[in-house]
Amino acid sequence: MENMEKASIIKTAIMAANQYIYSKNNSNMILFQHQLDVLLGITSRGSDLKFFHPRNLLPTECLTVIIDIMRETGEIKPSLIIKCLQLLRNLAADKDIRESLHESFNLTPVLVDIIKHTCSSAVNSLCMESLHLLQRITYGHKMVLQESYVQELLDFIIQHITDPAEDCTQVCLGLLVNLCKDNFAVQTHLKNLENSKRLKRTLLKHISGSESNLDFIIYSISVVTSVWLHDQEYDMVFKPSNLNPMFQSIFNIILKGETGMSRRYGVDLFKEILKDGQIQSTLSKFSHLSAYIDAILKLIPASSTETVVMIFELLLCFCSIEGVRSRISRSVLSTLDFNSRQQFSDMLIGPVNQVKEPLLATVHWAQQSPDTHDEAPLYALDFLTEIYEELIYSNTRVKYSAHADLILPVLLSSLSSEIDIDTDLCVPRKHCKKKVKSLQLLSVLSGEDDIRKKMVAMLSPSVYTQLLDFQLINNRVTLHVSKVSLGGEDWSEEGVHIVIFCMELMSKLRKYMPNLDGLFCSLLQDNKLVPFLSAGLTSADRTVVQTALQLFTFGTSLDAFPTVLIGDSMASCNARKREMTENAGSTPLTLGSTFKSMQPPVSLSHNHNGDFSRSSSSDQDASVQSIIEKMQTGLENGWEDFAKAVKDINRSEIIDIYEHKIQAFQTKENHLQDLLDAKTLALSQADRLIAQYRSRRAQYEAEAHKMRKLLKDSELQSEEHRERLNDIMLQKEKLSVELEQLSQEYQKLEHISEEHQHLSAAYSDITDRYESSQKTLLSLKQELKTLTEMHEILQKHNESLKQQHDLASEQLSKLQEERKQLSKQLKEKETKLHELTKTHSKLESKYEKAEKERAELETGLDKMRDTLNKTEQTRKQFQQQVSSLELVCKQHEADLLSKDEQIKELSTQLEKHTQIAALIHSLSSGKSESGASVAK
């Protein structure tokens with residue numbers, strides 16, 4: 001239902017946008033702004049943005065229309081553009097939508113155009129909103145400097161960075177970081193600027209200034225690191241005396257960052273500067289590192305999905321530094337109480353912000369689904385792998401059974417979860433990645449005896465067979481091996497990794513689990529596993545290749561291991577990759593593209609035993625090399641030795657030497673011929689482009705000639721139109737007089753219509769008040785019923801008291817206590833009655849006001865009878881409604897009179913009760929006095 005409601009909202013927004021495009025009037029603009037407000041409400045921070053992904057048709061159409069409207073900056077009001085920018089900024093919180101806004105919808109030049117037109121004089125809210133959105137969507141994308149809008153944006157950014165009085169300096173610095181990162185063209189452009197020295201001075205001033213904001217420091221250090229990496233300024237910034245304050249400022253912005261973007265830049269800066277070994281050693285010796293690591297670990301349970309991904313990235317970067325991973329593992333394990341292992345499952349079921357321990361919070365993130373939390377579970381599993389590698393392989397023996405109770409159920413549930421391959425391709429790929437990370441963590445945990453025992457008890461062979469059967473049936477590697485090299489298009493490569501790491505885990509546990517060794521050997525001998533092993537051996541990932549090689553070496557010891565099939569599959573996979581690279585090199589996209597020289601293919605042959613061997617060219621090369629060495633030694637020793645060496649060598653061998661040289665020259669010639677073919681292809685393509693350019697130029701010249709003719713015709717027509725205009729101007733003056741008269745009449749009619757609208761609004765207010773008064777009357781009736789019931793109960797109670805007083809005087813003490821209670825209740829009832837009288841008086845005043853307003857309405861309706869003949873029918877309807885209201889008011893007056901009589905009766909009864917209470921009090925006091933006299 002939610003998706004249907006969102007679809008209807010987007011449809012109405014598209015209709016309102018198209019209506020505004022066709023006719024740009026105020027009513028259409030207000031309608032479109034209202035629809036934008038609705039979209040802003042459903043895309044606010046924290047809402048689900050999956051339905052707005054551009055792969056769906058309706059969101060794509062909606063974004064296209066909104067961006068088309070934003071392109072017309074001169075014709076649209078700034079308030080409407082700001083609403084569009086706010087909506088796009090909400091949508092840019094999703095990673096996929098943010099990338100599509102930059103790549104598919106080409107939003108970046110539109111925003112630059114808005115900035116250029118709106119920020120010419122001074123920076124305003126529209127310009128700031130555009131800059132913030134531009135900073136968000138350009139993050140992680142490489143911009144082409146040859147584009148004109150990129151150069152204009154750079155000029156604008158540098159101008160506002162060097163001017164410290166501007167408010168948008170911080171956003172411009174963030175944009176400059178995005179443009180400079182991994183972009184050599186922009187970096188060289190900044191170095192060759194005329195005011196490059198001034199830019200460097202301002203950046204160094206932000207870095208060294210005590211009054212600078214933390215964001216300014218982070219952005220300035222990032223720009224200096226990207227542009228002036230090997231200059232003197234870089235050495236000045238990263239000298240040993242500056243590193244500790246720099247670390248402190250970066251940690252502060254990561255811990256106290258107001259926005260996710262500032263934290264993102266802080267983490268990126270850490271990842272960039274920690275590539276230097278000297279900075280790594282300085283960080284490992286940083287005195288406050290342990291305290292900052294503890295503070296960062298406390299952010300894991302108290303962060304959103306986007307923030308926790310940044311935290312895990314930073315922690316994984318720290319784990320790669322020698323000595324820091326042990327500190328992180330100690331900090332993670334120091335706060336966890338393993339004696340409360342029964343509470344682990346309860347903590348993992350609840351929300352993550354209720355968990356205080358970093359390890360439990362990490363396991364909580366690891367058990368989440370990638371559908372809802374994107375990459376956070378994957379990074380959590382990587383972090384757990386680093387912690388347990390340090391924990392197990394550093395011989396830190398700390399309650400491993402408790403560790404198993406904590407993490408093994410989460411890993412087993414992730415392995416047993418099913419993958420829906422009918423959904424979008426990106427979702428199964430994330431699930432496969434999570435299974436791969438879980439298998440890697442299980443293989444690390446299997447290196448410890450206590451955890452391995454628990455793992456053997458909890459795992460069953462069906463888990464392995466379920467994982468492998470799914471991949472053997474559904475993975476595309478079994479059908480098209482070439483698709484493994486295209487891992488970004490489907491989930492086949494991740495499926496290969498699942499098979500490889502699942503087999504590795506089986507090889508580690510096969511000695512400890514019953515029936516697992518036979519299953520493992522039978523799977524290795526199965527021909528269905530051939531494409532997966534060949535894909536693993538030819539993978540670009542080093543760990544996958546090493547694991548596949550271990551499986552291959554173990555499989556060669558088996559009798560029915562398909563070595564020949566694996567070799568053929570690897571050869572075909574390599575041939576497909578070679579064809580892809582050749583096609584990519586021989587079909588250049590642009591004139592400036594370069595062609596890679598292709599090495600001649602090495603011919604492989606396999607013998608009957610299935611082992612691969614080079615062709616006989618290697619033996620021939622060895623024999624030729626030995627002959628050359630003999631001749632060289634003979635020449636060095638003298639002519640006689642050379643003659644002996646030549647005599648010892650057969651002529652056929654000398655002919656082999658020349659044939660070898662001829663073959664070498666032929667291979668070089670073939671190589672040069674390939675290069676010539678590639679260059680001829682490039683030249684032919686360049687000729688085609690030149691021919692296309694000439695043909696287009698001829699078309700443009702023909703169109704220009706046509707335009708000239710059209711201009712001449714238009715000038716002739718303009719002269720005729722001028723004469724017509726003179727006649728029209730005369731008619732216009734006549735019509736203007738008539739228009740003034742009509743405008744006066746129109747103003748009168750507008751005044752009448754405004755009065756009618758005011759009257760209708762007043763009537764609606766009266767009806768609302770009447771409904772509210774009716775509700776209050778109903779509530780008062782209920783209260784009166786309860787009071788009457790209480791009054792009857794009190795009467796019965798008083799009669800029983802009289803009978804008890806006449807029968808027995810010994811119970812006077814009890815009656816006195818009961819009298820006190822009754823007096824309290826009577827006081828409470830008096831207060832309630834007083835409140836009821838007040839509410840009754842308020843209702844009477846409201847009713848008088850309503851009568852006055854009704855009288856005013858009647859007078860207004862009498863006036864409208866004379867002026868508005870067209871509204872005669874509606875007036876009759878209003879009269880009928882007013883008459884019905886009068887009847888209802890009369891009924892309410894009668895009800896109020898009856899209620900007044902009831903209240904009077906109640907007051908008389910209350911007076912009687914007070915008299916009875918006074919009599920009881922007098923009687924009790926008189927008897928007490930008589931008793932005292934008797935006692936004397």
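Could you tell me how many of the residues in the stretch 562-581 are of a type outside the set (A, V, I, L, M), assigned to a helix (DSSP H, G or I) and open to solvent by less than 80 Å² (accessible area, probe 1.4 Å)?
Residues that pass the stated criteria total 9.
I'd like the residue in the stretch 66-75 that is within 14 Å of V110 (Cα to Cα) and either of a type in the set (D, E) or surrounded by fewer than 19 Cβ atoms within 10 Å (Cβ to Cβ) (or both) and, out of all such residues, is nearest to the chain's Cα centre (by Cα).
Only one residue tops the list, namely I67.
Go through the stretch 537-556 and count every residue that is open to solvent by 30 Å² or more (accessible area, probe 1.4 Å), outside any loop (DSSP other than H, G, I, E, B) and over 13 Å from V496 (Cβ atoms).
Looking only at that region, the number is 7.
State yes or no: is L730 of a type in the set (A, V, I, L, M, F, W, C), part of a helix (DSSP H, G or I) and surrounded by 12 or more Cβ atoms within 10 Å (Cβ to Cβ)?
Criteria not met by L730.
Being closer than 30 Å to T767 by Cα and part of a helix (DSSP H, G or I), is that true of even one residue in the stretch 806-823?
no
Among all residue pairs at least 6 apart or on different chains, which show Cβ distances below 9 Å where the first residue, located in the stretch 890-912, is part of a helix (DSSP H, G or I) and the second is open to solvent by 70 Å² or more (accessible area, probe 1.4 Å)?
Qualifying pairs under 9 Å: H892/Q774; D895/K781; L896/E844; K899/K781; Q909/Q795; L910/E830.
Among the residues in the stretch 43-50, are any farther than 24 Å from V112 by Cα, touching a Lys or Arg at 6+ places or on another chain (Cβ under 7 Å) and surrounded by 14 or more Cβ atoms within 10 Å (Cβ to Cβ)?
Checking the stretch 43-50: not a single residue is farther than 24 Å from V112 by Cα, touching a Lys or Arg at 6+ places or on another chain (Cβ under 7 Å) and surrounded by 14 or more Cβ atoms within 10 Å (Cβ to Cβ).
Quick one: is L58 at negative phi and in contact (Cβ under 8 Å) with a residue 24 or more places away in the chain?
Yes, satisfied.
Please tell me if Y763 is aromatic (F, W, Y), farther than 30 Å from A917 by Cα, in contact (Cβ under 8 Å) with a residue 60 or more places away in the chain and in a helix (DSSP H, G or I).
Yes: the conditions hold for Y763.
Just one of the numbered conditions (1) over 36 Å from the mean Cα position of the chain (by Cα); (2) modelled with pLDDT of 85 or more; (3) open to solvent by 20 Å² or more (accessible area, probe 1.4 Å) is not true of D559; which one?
(2)
One residue is enough: does the stretch 720-727 have a residue meeting the conditions open to solvent by less than 100 Å² (accessible area, probe 1.4 Å) and within 30 Å of L896 (Cβ to Cβ)?
no
Tally up the residues in the stretch 19-60 that are over 28 Å from V427 (Cβ atoms) and of a type in the set (K, R), please.
The number of residues fulfilling the criteria is 1.
Among helices (runs of 4 or more DSSP H) lying entirely in the stretch 13-131, which contain 3 or more residues that are closer than 29 Å to A376 by Cβ?
Of the helices (runs of 4 or more DSSP H) lying wholly inside the stretch 13-131, those with at least 3 residues that are closer than 29 Å to A376 by Cβ span 26-42, 57-71, 78-91, 95-103.
Can you name the residue in the stretch 266-302 that is of a type in the set (K, R) and within 31 Å of the chain's Cα centre (by Cα) and is also nearest to N213 (Cα to Cα) among such residues?
Across the stretch 266-302, the extreme among qualifying residues is K271.
Kindly check whether there is at least one residue in the stretch 813-823 that is among the acidic types (D, E), over 30 Å from E886 (Cα atoms), out of contact with any Lys or Arg (no Cβ under 8 Å at 6 or more places or on another chain) and surrounded by 11 or more Cβ atoms within 10 Å (Cβ to Cβ).
yes
When you look at L348, is it assigned to a helix (DSSP H, G or I) and at pLDDT 75 or above, yes or no?
Considered against the rule, which asks whether it is assigned to a helix (DSSP H, G or I) and at pLDDT 75 or above, L348 comes out as no.
How many residues does the stretch 19-29 contain that are within 18 Å of L63 (Cα to Cα) and open to solvent by 50 Å² or more (accessible area, probe 1.4 Å)?
Summing the residues that are within 18 Å of L63 (Cα to Cα) and open to solvent by 50 Å² or more (accessible area, probe 1.4 Å) in the stretch 19-29 gives 3.
Any chance the stretch 42-53 includes a residue that's over 24 Å from T305 (Cα atoms) and of a type in the set (F, W, Y)?
No, the stretch 42-53 contains no residue that is over 24 Å from T305 (Cα atoms) and of a type in the set (F, W, Y).
Working only within the stretch 396-410, note down all residues that are at pLDDT below 75, part of a helix (DSSP H, G or I) and of a type in the set (D, E, K, R).
The answer is none; no residue qualifies.
The values are calculated or read from the model by the stated rules, or taken from the named source; none is laboratory data. Quantities reported herein were computed from a predicted structural model and do not represent experimental measurements. Here Cβ is always computed from backbone atoms with ideal geometry, including for glycine, and neighbour counts include all displayed protein chains. Note: areas computed on protein heavy atoms with side chains; ligands, DNA, RNA excluded. Shrake-Rupley method; radii C 1.70, N 1.55, O 1.52, S 1.80 Å.
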